[in-house]
Amino acid sequence: MNALKEKIVFGWCRTFQEQNVYDSEVFSQFKGKVIDEKTKKEVEKDQQIVESYQTPEQRNALHYYKCFVGKGNNSVMVRSLFKSRYWWLLHDKEEVERVNFLWT
C-alpha cells in the first residue's frame, strides 16, 4: 500500500507541475480582474526564460535521485525507506559528487 501511495503522490506532483504553465486567457481573467498588458508581457517573458533552460527531453523526463546509505545509525531503516520510493536509486559507493543524499 505504501508503494502505491508514493506512486500516487508522485503522479499528483507531476500533474501539478504540468498544470503550472502560464495560460494568458486564464491568467488575465483571474478573479474577474483584468491584468494590464505590461504584466502579461513580463509573465510571458519569464515563462520563455524558464523554458529556455530545459530541453524538451528534460521537461518530459522522470527525475531519479541517487542516495548512498552507509553504516550509520538506523541505516537499515533509512535504506528500506529509500527502496520503497521508486524515484530514488541506491548508489553503491560513497561519492559526494554523484549522489543527492548521503547517510553515514
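The values are calculated or read from the model by the stated rules, or taken from the named source; none is laboratory data. For clarity, every value in this text was computed on a predicted model and none was experimentally measured. As a convention, Cβ positions derive from the backbone with ideal geometry for all residues, glycine included, and neighbour counts pool all protein chains shown.
Key figures for this structure:
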item: The one condition in (1) under 26 Å from Glu6 (Cα atoms); (2) modelled with pLDDT of 85 or more; (3) loosely packed, with under 11 Cβ neighbours inside 10 Å that Ser75 fails to fulfil; result: (3)
item: Among residues of region 79-104, those that are surrounded by 12 or more Cβ atoms within 10 Å (Cβ to Cβ) and more than 21 Å from the chain's Cα centre (by Cα), counted; result: 3
item: Residue count, region 69-85 (criterion: in a helix (DSSP H, G or I) and either within 16 Å of Val99 (Cβ to Cβ) or not β-branched (Val, Ile, Thr) (or both)); result: 8
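Let's see how each residue does on (1) at pLDDT 65 or above; (2) loosely packed, with under 11 Cβ neighbours inside 10 Å; (3) outside the structural domain of Trp87 (by TED's automatic domain parsing); (4) more than 30 Å from Arg85 (Cα to Cα):
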position	(1), (2), (3), (4)
Phe16	yes, yes, yes, no
Val26	no, yes, yes, yes
Asp36	yes, yes, yes, yes
Lys40	yes, no, yes, yes
Gln48	yes, yes, yes, yes
Thr55	yes, yes, yes, no
